[in-house]
Amino acid sequence: MKQKVFLGIDTSCYTTSVAVLNEAGELVGEARKILDVKPGRCGLQQSEMVFQHTRNLPNLMESVLAGKDYEITAIGVSGYPRPLENSYMPAFLAGTGVARTLAYATGAKLHIISHQENHLEAGVWSAGGPDAERFLLLHASGGTTDMILAEKQEDGRFKLTEVGGSIDLHAGQFIDRVGVALGLQFPTGPALEKLAATADPSQMVELPVSVRKLNVSLSGPATAALRKLEAGADGAGLALGVQYALAETFARMLRNGAAEYKVNAVLLVGGVASNAYIRNHVTEKLAKRRVSVWVPEARFSCDNATGCAAFAYRMNKDSK
């Protein structure tokens, strides 16, 4: 007898990923591949992303589906960056093309959501919450530093309203500019976290923190970090300083947002939010304000397709 499953596909700027959940909402298959970026470069053009996703997807799909007696009940796929009108990025065409074709061929129901909704769904699925009608979502990555008010609707979906965030540089860009200057491979987040872990706390390089109510600025701290590196600052100490500056920035912004919108729960998602130091700092700071912080397992905070599969699963379950 075939096992009914829910397939998720996500083709973000730097990761191709697929995931499969069973009828109990359990992860039974997952595969992902980070896109190749040449050493010394700080990113890829959209055409190169589409090419690599197109090349990666067949292999990833085969790795999770080959030899399995699956009946695909529904497919979730990231089709655009944010749940906003005219939100568009070519990288997502690779995933939606495969998802639409597979849905047509199998008769599976197709759910196209935004990449940001995928992060939320993966976060809630992995962390087990927040189990609240309203909460704040911090989406911190290479292309996003958004503080969002998430409100559950009658149809089970979440209404996402951006209420704060960075007015200039994104958190991941801050990390990558400093990381590449330190000689780390792009995307530099994981390597910078490892480097920071080798620093003595007393050697942390202090960087400015710029928070004005619900908005933050990261260009100033990034410029300060690069200047201090040029002046001979210790690499590990600087990496730790970058982590602290981001963690404190997030904590202050979320504290202000929780008070402004009268919520007591926060969900952290995105590649930058997978950093253990940042998670711990934000959690400890907000606990003093009686705001609970929900953190998914680190690998489900980074770009992944589990949220798309979880959304397809949840919509199927709620429709019964």
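Read-outs: derived from the displayed coordinates by stated rules, not from any lab. Not measured: the values here are computed from a predicted model. Because the Cβ atoms are built from the backbone with ideal geometry, glycine has one as well, and the counts that use them run over all protein chains shown.
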Rounded to 5, the percent of DSSP beta bridges in the chain classed as antiparallel: 60
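Give me the number: length gained by fully extending Tyr88 to Glu297, i.e. 0.36 nm times residue separation minus the C-alpha to C-alpha distance, one decimal in nm.
Result: 72.4 nm gained on full extension.
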Cα centre as origin, Lys/Arg/Asp/Glu Cβ charges: the range 134-298 dipole, Debye: 560
Can you pull the semi-axes for the range 49-94, root of five times each eigenvalue of the Cα gyration tensor, sorted largest first, whole Å? 25, 16, 5
Measuring from the longest principal axis of the C-alpha atoms of the chain, the long axis of helix 306-318 (C-alpha) lies at a number of degrees, nearest 10, equal to 50
FRET efficiency (Val37, Ala197; Cβ distance; R0 30 Å; to 0.05) is 0.80
As a test of the formula, what do you get for the chain when each DSSP H run with n ≥ 4 contributes -39,500 (n - 2.57) and the sum is divided by the residue count, at 222 nm and rounded to the nearest 500 deg cm²/dmol? -13500 deg cm²/dmol
Where Lys and Arg each count +1 and Asp and Glu each count -1, what net charge lies around Arg82 among other residues with Cβ under 11 Å from its Cβ? -4
Considering the dipole of the chain built from charges on the beta carbon (Lys and Arg +1, Asp and Glu -1) around the Cα centre, which of Ala309, Pro187, Ala122 is farthest to its positive end? Ala122
How large is log10 of I(q)/I(0) for the range 134-298 at q = 0.09 Å⁻¹ when the intensity is taken from the Debye formula with one equal scatterer per alpha-carbon? -0.28
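Using 0.36 nm times the number of residues separating Gln153 and Glu206, minus their current alpha carbon distance, what extension gain do you get? Don't skip to the end; give the middle numbers.
On the way: separation 53, 0.36 × 53 = 19.08 nm, distance 4.28 nm.
Gain in length upon complete extension: 14.8 nm.
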List, largest first, the extents of the alpha carbons of the range 145-212 along their principal axes, each in whole Å. 50, 27, 22
Note: probe point = Cα of Asp234 + 7 Å toward Cβ; backbone nitrogen < 13 Å; residues of the range 178-211 passing the test are 196-206
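Here is the link list: Lys68/Lys109; Lys33/Lys159; Lys4/Lys109; Lys159/Lys262; Lys213/Lys288; Lys262/Lys288. Which ones come out longer than 23 Å on Cα distance?
In this structure, Lys33/Lys159 lie more than 23 Å apart at Cα.
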For the pair Gln3 and Lys213, how long in nm is the line joining their label points, each one 7 Å along Cα→Cβ? 5.2
How big is the chain in terms of Cα radius of gyration and Dmax, in angstroms? 19.6, 66
What angle do you read, to the nearest 10 degrees and between 0 and 90, between the alpha-carbon axis of helix 219-230 and the longest principal axis of the chain? 60
